[in-house]
Amino acid sequence: MSGSITAGTAPRNVAAVPARLTSPPWRVLAAGIVWLVLAGVTLELPEAGDFPRTAVFAQGAAAIGLALLPLGLLACRLGTFGARLGHRSPWLTALAVALLAWELVTAKLDLLPMPFFPPPQAILEVFVDDWQKLGGSTLNSLILLAGGYAFGAGIGFVLGVAIGTSKAVGYWAHPVLRFVGPLPATAWLPLAFFVFPSSWSASTFLVALATGFPVTVLT
C-alpha cells in the first residue's frame, strides 16, 4: 500500500532538533550578579593589609560578571552552548560565593590573618609577579617526574616480564617485592637523601620506586 509507512522505519527529511536550555536562564544571570558583587566588595570595602593586586582581581571578577549577564539573556538562543552554560551556572555561582567568603574573612575582616591565610589577590599577585620562577619550577618538576617515571616503568616492565618467564627470577624477586611493595615511597625519604648525593637523584629514585612496583605487579 503506497500510503502506508513501514513499521520500524524513521522518517527521512526530519530536521535535527537543536539542544535547548533545560535550566532556567536566571541561573546564569544570578551567577553574573554574584560575580559583580564580588568585584564591588573587593574594591569598595577597606582592606586589613596592603595588597597591590586588589584592583586586578576585582577587574577580573567584574569582567566575568559582565560577560555572564548578556549570555544569560541570550542563553535560550545559544543552542548547545547556552544549555551547557545554564547547566554549569550553579558552579559559577558557588565559585563566586566561595571567593567572596574568602575575600571577606581574609583581606576585609582579617579573621584569618596573613601570612597563613592569604586573600585571593595575594595568590594572584604571586602568579602575576613570579610567573617566570613558577614556570621554571614547574618545568623542572615535570622533567624530574618524567625521568623517574620512565626509569621506574622501564625497570618494572623488564622485571615483571622476567618474573613471568623465569622461575629463578621469581624465586629471588618475590620476597623483595613483598617487603618493598607495601612500604610507601615517602617512607624511604630519610634513606634516599642519606644515600644519594643530591636531592635530584634522591627524588628520581623515589618516583621510580613508586612507579616500578605497580608496573612490575601488573606486567
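We did not get these values from a lab; they are worked out from the coordinates using the rules stated. Worth saying up front: this structure is predicted, and the values here are computed from it rather than measured. We place every Cβ from the backbone using ideal geometry, glycine too, and count neighbours over all the protein chains shown.
How large is the Kirkwood hydrodynamic radius of segment 141-213, counting all unique pairs of alpha carbons, in Å? Before the final figure, lay out the partial values.
Numbers: mean 1/r = 0.0774 Å⁻¹.
By the Kirkwood definition, the hydrodynamic radius is 12.9 Å.
Once you keep just the Cα pairs under 8 angstrom separated by 6 or more residues, what percentage relative contact order results for the chain?
Rounded, it is 20 percent for the chain.
Using the count of nearby Cβ atoms within 10 Å as a rough guide to exposure, how do Arg77, Arg84, Arg27 rank from fewest to most?
Neighbour counts put them in this order, fewest first: Arg77, Arg84, Arg27.
Can you give the FRET efficiency for Val37 and Leu134, using 1/(1 + (r/R0)^6), R0 = 30 Å, r = Cβ-Cβ distance, to the nearest 0.05?
Rounded to the nearest 0.05, the efficiency is 0.50.
Take the alpha carbon atoms of segment 26-129, find their radius of gyration, then divide it by 2.2 N^0.38 Å using N residues; give the quotient.
For segment 26-129, the normalised Cα radius of gyration is 1.17.
Report the extension gain between Glu47 and Leu111 in nm, rounded to one decimal, defined as 0.36 nm multiplied by the number of residues separating them, less their alpha carbon distance.
21.9 nm
Given a Förster radius of 30 Å and the C-beta distance between Ala146 and Leu69 as r, what FRET efficiency does 1/(1 + (r/R0)^6) yield to the nearest 0.05?
Efficiency for this residue pair is about 0.10.
Specify, per residue and in Å³, the volume enclosed by the convex hull of the alpha carbon atoms belonging to the chain.
271
What are the membrane-span-like helices in the chain by this rule: whole DSSP H runs, Cα extent along the axis at least 30 Å, mean Kyte-Doolittle hydropathy at least -1.0?
79-103, 131-165
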